[in-house]
Every structure is written in C-alpha cells, then in structure tokens.
Amino acid sequence: MAAEKRSRPPRQKKERIPRQEMPVRPPEERIRDFNEVACGFTEELALTEAKRCLQCPTHPCVGGCPVSIDIPGFIHLVTEGDFIGAAHKIKETNLLPAVCGRVCPQEEQCEQVCVVAKIDKPVGIGRLERFVADYEREQGAVELPEIAPPSGKKVAVVGSGPSGITVAYELLQAGHQVTIFEALHTLGGVLVYGIPEFRLPKSIVAAEIETIKKMGAEIKLDMLIGKTRTIDQLMEEDGFDAVFIGTGAGLPMFLNIPGENLNGISSANEFLTRVNLMKAYREEYVTPVKVGKRVAVIGAGNVAMDAARSAKRVGGEDTEVSIIYRRARDQMPARAEEIHHAEEEGIIFNLLTNPVRFIGDDKNNVQQVECIKMELGEPDESGRRRPIPIEGSEHIIPADTVIVALGTRPRRFIAETTPDLKTSKWGTFLADEETGKTTKKGVFAGGDIVTGSATVIKAMGAGRAAAKAINEYLAGS
Amino acid sequence: MYKIVKKKVLAPKITRFTVEAPEVARARKPGQFVVIRAEETGERVPLTIVDSDSEKGTIDVIVQEAGFSTHDICCFQEGDAFLDVLGPLGKPTHIENFGTVVCIGGGVGIAVLYPIAKGLKEAGNTVITINGARNKELVILEEELEKVSDELIITTDDGSYGIKGFGSTVLQGLIDEGRKIDFVVAIGPTIMMKVVAEVTRPYKIPTIASLNAIMIDGTGMCGVCRVTVGDEVKFACVDGPEFDAHLVNFDEQIAKHHYYDHEQACQMEKIIAAAEQERS
C-alpha cells in the first residue's frame, strides 16, 4: 500500500521524563513560621530527575557555573545512587553546595544553557545539588579535602561571606595558613545576616562553614579591618604574605526623599539583620523587630522579596505587605521563583509606582507613603525601559512600616585606611576580573566589593579565581 | 570572649567595666566606641570607650542601666566575660589646640566626655568642664575630670551638690561674663545637647555633639543610626558619633529614642516578673 511505502511504522517513542517538581510547604502553613519553604527532593525524585540529564559531550552547564562544578559528573553519580560520591564530586570546586543549591539563580546559569532546555524544561541541577549536599550532611559523610603540606605562607582573608569562605577553602587545600577576619559575631556574611532562615537555614550555613575550621583556618571574629587593624598592619606587622578582601557591599542605599528618617522606616539590611543575625523572631532573643499592620517594601529584587516575606511572618496573617516598584513586572530583578513564592504568601505588588515622600504622625512615626504612578518610556543605559512619572497621579499608600530595599554599596573602612588601594567612584575596588589583583601588591579582592551587589555564586566564582592567583603569587614570592 | 577584669559601681545604675580587649585597646582614639554583645541572646549595644590601657590590653566602658540590655550587661561580674566586643568604631574626635574649650556633659554622657576632655587638655587647650547630674549621687568621674580640666564646674538639678540648675545655664553665664570660648563639646541626653546648641548658636561658637543613637552592627550596614545633619543624612556609627551640633536635627533623634519604648517596657516587665519569682 502506498501509505506503507511512505512511512515506516512509528518508532517507539522513548517517554520523556518531565522535570520533577520539588515539594514545597503550602503558603498558609509556612507563613506562620521561619522553617524552610522548599522541602528538597526525595531519593526517588532525585533519581528520576537525574535520569533526565543527557550526559551530553558538550556539557555547556559547566561553563554556565561560575565555579565550574562537574555537573554531568555529579549527576551521573546520582543516577547510580551514589549520592555521597556526587556530593564529594561537587565539593571538588564548591565548598557550599547546600547553600548554592538553595540560593543560586540556576535559571540564568547552568540550567539556562542545559541542552535539554532546547526541547523541554532544563534538568533541575540546583535541586539535585541541594539534595546530594543535604544527603551527605545528614548521613554524616562530610569529608575534608586533601591538604597539601604546609607552604609556610600566611594569608589574611577579610570578610567571611561567600567569596572569603571560598578563598579560604582553596588556600587551605594548597597548604597555606589562613586567618579569617570577620567584623560580625558570626561567620557567613550575607548568608547569615541577609538571607532569611526560611530560604537558607542557618544551621546549614554553619555546617558547611565548619569544614573551613576543621581544615585549620584561624577565625577572628569582632575584627573590623580598617578600624581594629589596617591592611598595612596585617602585611607589615602581622606577617601576612597576601591579603584577600571580600568585604562585600554592606552600605544600604536610600531613596533620599522627604520623610525618610521617620520612625518605622528602615533599610532591608536593618530589618533582615534584626530578624536573621539577631534572631528577633525568636522569643528568647532580646533584639526587637517591629512590624505594623501595613508594610511597604520599596524595591523588587531578591532582598525586597526576602524582606516582604519576613515581614509577613513577623507581623502575622493580618499584616498586609506590599511591594512598591517603579518599573513593571517583567523588569523586577528578583528570581521568578522568589516572586512566585511571595505572591503565594499574599504579598501585594504595586508596580509602576514610585514613592515621592513619607508622611508621619505627631510622634514622627511613618503613616503614609505618597507615591506617583509611572509609565515606561525609552530604554535607559541598563537596557530596561525607563519609568517616567505620570503627572497628577500622586496617591497615598498607608504604611506604618517601610522597608527600603534598593541595593547596597561597599563601605569605605579599608579604602580610607589603605591609600594605595584604588577604588571607583562607587567605592568598589579596582581589581582584575580574572585574578582579583588590586592596585596594591599582594592584595586581592573579589565579590561585591569589586562588582557591586551581585549574587552568592558570582562572589564564590571570584573567590576561586582570586585563590588561584594568590597561589601563583605566593609561589613566586 | 572578653574577660571583665574589674567592675565598679560608680553611682546607682551606673557601672564601670574594665574589659580585656587588646586589639581594641591598641587601636582606639578618644571619641570612639565599641559594640558589646554580652551573651548569645543579647542585643548589640554601642558603648563609648572611656579609657584604655594598651599595655594591659584593656578598655573601660561605663554603662547606665536604661533598659533591658544595659541592665543585663550590668549583671555581669568581675571574672565573667562578654561574648563579643567589636571596635574601635566611629570617627575619633578631631582634637587640636582651639584655645579655650568648654566640655559640657550630662548624666552618663560624662563617660563619653572624659576621654575627649583629656585629649583636648593634652593638645594644649584651656579646658573648662561642666559636669551636670540630676543629684549628688549621680555625679561621676569627678576626680578624673578634675585632673584634665583647668576649671571644673559641677551642677545638679536639685542643688544637692555644686551649682543648682542645668549646665547650659552655666555655659550661658560664662558667655555673658565675656569669657572667650573657642569651642564647645556637648555630650549627654539629646535634649541637653539641643539646648546647648541653642545657647552657642547666636555667638557662632563651634559646637559638637556626640549622639547616642540606637545601633545594631555599628559598622555602617543597617542605617538605624541615621541622623539628619543640615541637608544631609549621615550614619552616626561611621560618620559620627560626633556632629556639628548647630546642624543636627535633635528632634528627630529624640523621636527615634522613643520608637521601641513599648518593646523596652515589655522586656523590663519580664525582668521584674523574674526577680519577683526568685524572691517568692
């Protein structure tokens, strides 16, 4: 028959496995506590998801990862059920997989370039990373990496956030003596003061950082370099052969509009530090945190989402929390997943809306935000369409708590006390992107202090690159 | 851990601690402060460094029990240790030979004033110190201030010691007498600093105030210590704690001090309840 000539019998089509969803706690339950929102893969889900990886020869995912994790390698081990082996594989280049599996924007990195994404949703690399890291930790199977014989070199790491921790991990492996200087009372930087417990449990951060201590890093808390000691003192008096600066971007930006110093208006840094670092949400901790009945969060990045969702939890169910953002939905800088979770938790989005001034009562407590409606004009230098105020559209949004989440800039303690370290007009250090080399010999920098506020994983990538350069520098010195 | 090597109650609810903090002791300058977290569940509390001994590696702080956390700190004894002491923070006082300087302090602000008066004296200034307190019992650091001042005037609100009245009135008197005053340092309750600023403003006498803002990290990260100075917003922790008293918006600072009144009251109730339970 003609039809038979034209087509062969249909090939048995291999059934395509859909991307496995990670179980998440229902919104009405999770907004009552600070426990983690996402529950992680089960073994079955992990095995199923891992099978979706094609083990393609080009593995663009590795290039998409700022710390070049051997992604096909670890996923292959997952398919074999060797979860601990998979975790060890990741830790060859990344000390913090349980952290990164939770907070990395995989959708714009490894998963964005995944070959499977050409025909279907990409492999859930982040979820798998999180699963194997949690499995390893819960099984008590965390192993220390091999450490080279002592080099006799001393390195100071300033700041214990993602970049500093990564540098310390790499340099300890190379046999150098490492001292970490941290200004706060806990290691971890933004991982402990910024990102909330419900997104990144602090016990997990502490467990991953513990490795550094076990590897022999000396930890000096309550040391603000630039105040307690200067970079020059570390190098000239304290005998450090090299210094890595990973002090991040800690200075919060404000709107600079009238009424911004009223009571009840805080930076996201303040609000999140009270809740996360100072644990204000727990009864036995003394630091207060105050959330009224109507909370306005200004900004729409990940930090704004963290602040809004934390405010909902602190304030309780009848607290109304809204985001005020001057651009449109598509331009919100937060991860889609964070926006989705915020919406599920009842956060209101006032988009194309810009605060003009804050209005307080006779006690100087904020009561209202006067806003103006915006419309989108031509693209600006960031490539996003510029928001333009609509004349006469001023209106009042009632708010007794306002949290300003407009990003952060570097602080200047080190720049002010180290004249030969050159900075940009924004206060970021001038440093070679490939090596972290600054304008001062023996001093390297990486993370937000160089780039301005970015992501955890980008800071870790910068840390890895700087560690390589520091190793080379020390070998030559 | 930062060991308390000496504790001395100076006046009711005012305690001086000498604490081992060698790194802070060797770096500090007059006008700077530390942030102390006494224990795991405690707040981070900013306290001015009153004195230090770089050889012994100790610093001195003076704490006034004003709320839950300062009460908690004052319960610590010699031999105990604070969990965290971070510093020195803030900008040191700008010290030079101005000529004749009036150092005017009220209450526990005297603790902040003393190292500055000492620094100004060492720089060659003629130092007139006005030490104000509510009553005789609350006058602190009299002996120390005597040593670093060319003239020491004590005032009490109730007249139980020294001159009856406010320090600001004494300052006005000095000005009215025609004394040449080149510089004024005012440290104490916010309302007192505001009054002093108004006294010196008509005579354009350069005046600085040291703000006792609420802080968390103390390193410029949270911005809770924001203060309006002229047209600008500054952070007391990194840009201060001292500012031009003629430019500071003191009313805003006073309002800020009351923002956590309710939370403070709740915590104090807890202390009282716990104390009562212990007694029964």
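Quick notes on this one:
- Single unsatisfied condition, residue A:391 versus (1) of a type in the set (D, E, K, R); (2) within 14 Å of another protein chain (Cβ to nearest Cβ); (3) free of Cβ contacts under 8 Å to residues at least 40 places away in the same chain: (2)
- Taken over the range B:234-258, residues that are out of contact with any Gly (no Cβ under 7 Å at 6 or more places or on another chain) and either surrounded by 16 or more Cβ atoms within 10 Å (Cβ to Cβ) or not hydrophobic (A, V, I, L, M, F, W, C) (or both) amount to 16.
- Residue within the range A:229-238 that is assigned to a helix (DSSP H, G or I) and touching a helix residue (DSSP H, G or I) at 6+ places or on another chain (Cβ under 7 Å) present: yes
- Only a single criterion out of (1) within 28 Å of residue A:269 (Cβ to Cβ); (2) away from every other protein chain (no Cβ under 14 Å) is not satisfied by residue B:168, namely (1).
- Residue in the range A:282-294 that is of a type in the set (S, T, N, Q) and part of a loop (DSSP other than H, G, I, E, B) present: yes
- Matching residues in the range A:139-166 - criterion: being touching a His at 6+ places or on another chain (Cβ under 6 Å) and among the polar types (S, T, N, Q): A:151
- For the range A:49-100, filtering for residues that are among the basic types (Lys, Arg), under 15 Å from residue A:111 (Cβ atoms) and part of a helix (DSSP H, G or I) leaves 0.
- In the range A:273-288, the qualifying residues are those that are among the β-branched types (Val, Ile, Thr) and at the interface with chain B (Cβ under 9 Å from one of its Cβ atoms), and the one that is surrounded by the most Cβ atoms within 10 Å (Cβ to Cβ) is A:273.
- Against the test of being of a type in the set (Asp, Glu), modelled with pLDDT of 90 or more and in contact with a Phe, Trp or Tyr (Cβ under 9 Å, 6 or more places away or on another chain), the options B:80, B:72, B:84 yield a single qualifying residue, B:84.
- Of all the numbered requirements in (1) surrounded by fewer than 22 Cβ atoms within 10 Å (Cβ to Cβ); (2) among the hydroxyl-bearing types (Ser, Thr, Tyr); (3) more than 24 Å from residue A:275 (Cα to Cα); (4) modelled with pLDDT under 95, residue B:18 misses one, and that requirement is (4).
- Single match in A:270, A:237 (criterion: without any contact (Cβ under 8 Å) to a residue 12 or more places away in the chain, within 13 Å of chain B (Cβ to nearest Cβ) and not aliphatic (A, V, I, L, M)): A:237
- Residues that are surrounded by fewer than 17 Cβ atoms within 10 Å (Cβ to Cβ) and at pLDDT 95 or above, drawn from the range A:328-343: A:340, A:343
- Which listed residue is crowded, with 21+ Cβ neighbours inside 10 Å, assigned by TED's automatic domain parsing to the domain that holds residue B:107 and either in contact with a His (Cβ under 8 Å, 6 or more places away or on another chain) or closer than 30 Å to residue B:180 by Cα (or both), from B:193, B:221, B:215: B:193
- Restricting attention to the range B:208-239, the residues being in contact with a Lys or Arg (Cβ under 8 Å, 6 or more places away or on another chain), part of a loop (DSSP other than H, G, I, E, B), more than 7 Å from chain A (Cβ to nearest Cβ) and over 21 Å from residue B:264 (Cβ atoms) number 0.
- For residue A:230, the requirement of being polar (S, T, N, Q), closer than 25 Å to residue B:85 by Cα and within 23 Å of the chain's Cα centre (by Cα) is not met.
- Listed by position, the strands (runs of 3 or more DSSP E) contained in the range A:147-224 that have at least 1 residues being within 21 Å of residue A:251 (Cβ to Cβ), within 14 Å of chain B (Cβ to nearest Cβ) and not acidic (Asp, Glu) are A:154-158, A:177-181.
- Within the range A:103-128, residues that are touching a residue at least 12 places away in the same chain (Cβ under 8 Å) sit with their Cβ atoms under 8 Å from residues that are surrounded by fewer than 20 Cβ atoms within 10 Å (Cβ to Cβ) and among the hydroxyl-bearing types (Ser, Thr, Tyr), at 6+ positions apart or across chains, in these pairs: A:115/A:58.
- Which listed residue, of A:324, A:396, A:359, A:403, is in contact with an Asp or Glu (Cβ under 7 Å, 6 or more places away or on another chain), touching a residue at least 40 places away in the same chain (Cβ under 8 Å) and either on the phi < 0 side of the Ramachandran plot or within 14 Å of chain B (Cβ to nearest Cβ) (or both): A:359
- The residues in the range A:295-327 that are more than 30 Å from residue A:384 (Cα to Cα) and surrounded by fewer than 22 Cβ atoms within 10 Å (Cβ to Cβ) can be counted, and the count is 6.
- Hey, residue A:259 surrounded by fewer than 21 Cβ atoms within 10 Å (Cβ to Cβ), more than 7 Å from every other protein chain (Cβ to nearest Cβ) and over 19 Å from the mean Cα position of the chain (by Cα) or not: yes
- Qualifying positions in the range A:179-191 - touching a helix residue (DSSP H, G or I) at 6+ places or on another chain (Cβ under 6 Å), over 10 Å from residue A:164 (Cβ atoms) and either surrounded by 24 or more Cβ atoms within 10 Å (Cβ to Cβ) or of a type outside the set (Ser, Thr, Tyr) (or both): A:191
- Evaluation of residue A:252 against the conditions (1) within 14 Å of another protein chain (Cβ to nearest Cβ); (2) over 29 Å from residue A:463 (Cα atoms); (3) modelled with pLDDT of 95 or more shows that the sole unmet condition is (2).
- Qualifying residue in the range B:120-133 (condition: within 16 Å of residue B:208 (Cα to Cα) and either basic (Lys, Arg) or in contact with an Asp or Glu (Cβ under 6 Å, 6 or more places away or on another chain) (or both)): yes
The values are calculated or read from the model by the stated rules, or taken from the named source; none is laboratory data. Just so you know, these numbers come straight off a predicted model, no measurement behind them. Positions of Cβ are backbone-derived with ideal geometry, glycine not excepted, and every protein chain shown enters the neighbour counts.
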